[in-house]
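Scroll down for the structure; my scribbles are underneath it.
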Amino acid sequence: MDSRERVLRAIRHEPVDRVPYYYMGTKPINRAVAQRLGLGADDEVTVGMALGGDLAYLRPIFIPGPDRREFQYGDVHAKVQQTKGHESVVVAKRPLEDARTVADVLDYPLWPHPDNYEYRIPQATLDLCRGRALVGYDMGIIFLYAMGMRGMEQICVDMASAPEIARAVFGKIADYNWERTRRYLEANPGLLDIIGIGDDVAGQAGMLMSPRMWRTFIRPHVQRMVDLCRDFGVTPYYHGCGGFRALYNDFIEMGIPNTGRLQTEAKGNNLAEIKAEYGARLCLWGAIDGQHACVEGTPAQVQAHVRQVLATGGPTGFIAGPTHSFTEDTPIENIMAVFEVLKQQ
């Protein structure tokens, strides 16, 4: 059983020889892990494959240019600064902060455009990831981008008091997502297995909006992405941070079989409870605590944590991995400890 088959069987809740797993890390931690492993490259895909990951997260390649923009966690005018080794986004002003009408939204001249990308997966990447499941990642983000374009507080106010503006913002972003995903799938026939259509709609205390608001403003756009995945014969994966368990029944109704990255530190995200309630209907991804256990524990404690996650999430219908990208404050020894356990299943 190769990695691709293992992942697809886990998604279908069929028997697997072991729990499949993935790697995610920030650029600085990728460099550190690559150095530890003696790799010639330090990108996330290369590191993940070297650690034995069963799937690779891929994205269309942005083509820089003076008139080209892409969403940078929601803000096309963000600037990046280094603070004690951490990369943070500092925003002077949100692009649509002063928009007062639907026309202001629709006529904004610097919306990112699908033309700004190379969609064909490079042959070198395909060779590196041979036998792995390929995931087109971050293809369906809506609310996070809207927060960056409009401001978190303002887009929430829009949904409550200016729904026509909220719909215009979400619609522009959703159209961009849909077309970019369509082009990615069309350019790589039969190569992509999974499309990540998730979004950050929750924090550690739960949803950032009511489920009713999500169903009114966001769900129709997510459904459109699900339908696109179905048209191309790929499986959708709703990923996000925080506690969005309130949406799981919606996912099942919509035909979304995968959800993660199960951030077990967030409200409502107890792995054992979710596995018992939804484990037969959803393939759960994540659950390895990248916020506390992998940062604060000893290697032995980390290994015990990973074994417990595997025992609770498996044996199938589960894909193990960090609850978010491993960050710079994660000891390299702890990352090595995670993957020692995953490899030894």
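Bear in mind these aren't lab numbers, they're just calculated from the coordinates by the rules spelled out. Keep in mind it's a predicted model, so treat the numbers as computed, not measured. Here the Cβ is made from the backbone with ideal geometry for all residues, glycine too, and neighbour counts use every protein chain on show.
Quick one: helix 332-343 against the long Cα principal axis of the chain, what's the angle to the nearest 10°, folded into 0 to 90?
The answer is roughly 70 degrees.
How high is the relative contact order of region 7-343, in percent, with contacts defined as C-alpha pairs under 8 Å that are six or more residues apart?
On the way: 609 pairs, mean separation 70.5, N = 337.
Worked out over region 7-343, it gives 21 percent.
What translational D, rounded to a whole number of µm²/s, comes out for region 234-333 from Stokes-Einstein when the hydrodynamic radius is the Kirkwood one over Cα pairs, at 37 °C and 0.692 mPa s?
Answer, rounded: 239 µm²/s.
Calculate the translational D of the chain in whole µm² s⁻¹ from Stokes-Einstein, where the hydrodynamic radius comes from the Kirkwood formula applied to all Cα pairs, the temperature is 4 °C and the viscosity 1.567 mPa s. Could the numbers behind the result be given before it?
On the way: Rh = 20.7 Å.
So the translational diffusion coefficient is about 63 µm²/s.
Let me have the 222 nm mean residue ellipticity of the chain computed from DSSP H runs of 4+ only, each contributing -39500 (n - 2.57), with the sum over all residues rounded to the nearest 500.
Values: 15 runs with 148 residues, N = 345.
About -12500 deg cm²/dmol.
What span do the alpha-carbon atoms of region 166-321 cover on each of the three principal axes, reported in whole Å from largest to smallest?
47, 36, 28
Using Cα atoms only, what is the angle between the long axis of helix 299-313 and the major principal axis of the chain, expressed in degrees (0 to 90) to the nearest 10?
80
Can you list the HN-Hα couplings for region 136-149, worked out from phi with the Karplus curve (6.51, -1.76, 1.60; θ = phi - 60°), rounded to whole Hz and with x for Gly and Pro?
Running phi through 6.51 cos²θ - 1.76 cosθ + 1.60 with θ = phi - 60° gives x, 10, 6, 8, x, 5, 10, 5, 4, 5, 5, 4, x, 6 Hz.
Each residue of region 253-266 in order: what ³J(HN,Hα) in whole Hz does its phi give by Karplus 6.51 cos²θ - 1.76 cosθ + 1.60, θ = phi - 60°, with x for Gly and Pro?
Couplings: 4, 7, x, 9, x, 10, 8, x, 7, 3, 7, 5, 7, 8 Hz.
Taking 7 Å along the Cα-to-C-beta vector as the label spot, tell me the T101-A276 distance in nanometres, rounded to one decimal.
5.7
So, in nm, how far is label F62 from label V295 when the simple model puts each one 7 Å beyond its Cα toward the Cβ?
In this crude label model, F62 to V295 measures out at 2.5 nm.
Roughly how tilted is helix 27-37, in degrees to the nearest 10 and between 0 and 90, from the longest Cα axis of the chain?
20
Please figure out what share of the DSSP beta bridges in the chain is antiparallel and state it in percent, rounded to the nearest 5.
Values: 9 of 31 bridges.
The answer is about 30 percent antiparallel.
Springs between alpha-carbon pairs under 10 angstrom, Gaussian network model over the chain: which of G53, G286, G233 fluctuates most?
G233
Once Rh is set to the Kirkwood radius over Cα pairs, what Stokes-Einstein translational diffusion coefficient, in µm²/s, holds for region 117-161 at a temperature of 25 °C and a viscosity of 0.890 mPa s? Could you put the intermediate results ahead of the total?
Working: Rh = 13.6 Å.
Here the translational diffusion coefficient equals 180 µm²/s.
What is the gain in length, in nm to one decimal, between E70 and E333 on full extension, counting 0.36 nm per residue of separation less the C-alpha to C-alpha distance? Mind showing how you got there, number by number?
Numbers: separation 263, 0.36 × 263 = 94.68 nm, distance 3.51 nm.
Taking E70 through E333 to full extension adds about 91.2 nm, to one decimal.
List every residue whose amide H lies under 5 Å from the amide H of G286, counting only residues 5 or more places away in sequence or on a different chain, with H placed 1.01 Å from N in the peptide plane.
For G286, the qualifying residues are L262, I319, A320, G321.
Over 25 Å, how big is the tail of the calculated P(r) for region 96-203, in percent of all Cα pairs? Don't skip to the answer; put the middle values down first.
Values: 1905 of 5778 pairs.
Percentage above 25 Å: 33.
List the extent of the Cα atoms of region 270-313 along each of their three principal axes, largest first, rounded to whole Å.
34, 17, 14
Using a 10 Å cut-off on Cβ atoms, rank the peptides 195-205, 39-49 from the highest mean neighbour count down. Numbers along the way, then the final one.
Details: 195-205: 22.0, 39-49: 18.6.
Packing order, densest peptide first, comes out as 195-205, 39-49.
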